[in-house]
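Visitor: Please read through the structure below; I'll follow up with questions.
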Amino acid sequence: MRVIKSAIVAGYLVLAALPLVWLGLTSIKTNEAAISPTARFVPKGETIGPHTFRPTIEGYRRLATANVGAAHDFYHFLGNSVVIS
């Protein structure tokens, strides 16, 4: 009985983690790969196949620039949230 409970809990944890994994993978995709009608799951370096994409951190670099109308960039506000919490 304990094995069955452990299998159910492990299955739930995997299922609950899937959106977080998808979010992490999407954060390192280019805009074209993120909105492509063909889902790409595997980050790859040189060879790009039907289910692979070339990872990039360009999205995180763009967070370091302030948007129009904002006095500070995202990381400034993230730092404030960390200090307050």
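Visitor: If I take every Cα pair under 8 Å that is 6 or more residues apart in the chain, average their sequence separation and divide by the length, what percent do I get for the relative contact order? Walk me through the intermediate numbers first.
Guide: On the way: 59 pairs, mean separation 15.1, N = 85.
Over the chain, the number comes to 18 percent.
Visitor: In the set (i) 3, 12, 14, 14, 14, 13, 13, 10, 5, 2, 1, 0; (ii) 3, 13, 25, 27, 18, 10, 3, 1, 0; (iii) 3, 13, 13, 11, 8, 7, 7, 6, 7, 8, 7, 6, 3, 1, which value of P(r) over Cα pairs in 5 Å bins from 0, in percent was calculated from the structure you see?
Guide: The calculated read-out lines up with (i).
Visitor: Which residue fluctuates most in the GNM of the chain (Cα springs below 10 Å): 42, 14, 68?
Guide: Maximum fluctuation in the GNM of the chain, among the listed residues, is at 68.
Visitor: What is the helix-to-structure angle for 2-27, meaning the angle in degrees between its Cα long axis and the longest Cα principal axis of the chain, kept from 0 to 90 and rounded to the nearest 10?
Guide: Roughly 20 degrees between the two axes.
Visitor: Further question: Among 23, 63, 15, which one shows the biggest mean-square fluctuation in a GNM of the chain, springs joining Cα atoms closer than 10 Å?
Guide: In this elastic network of the chain, the residue with the biggest mean-square fluctuation among 23, 63, 15 is 15.
Only the coordinates and a few stated rules stand behind these numbers; no lab work does. Just so we're clear, the structure is a prediction, and the values are computed from it rather than from any experiment.
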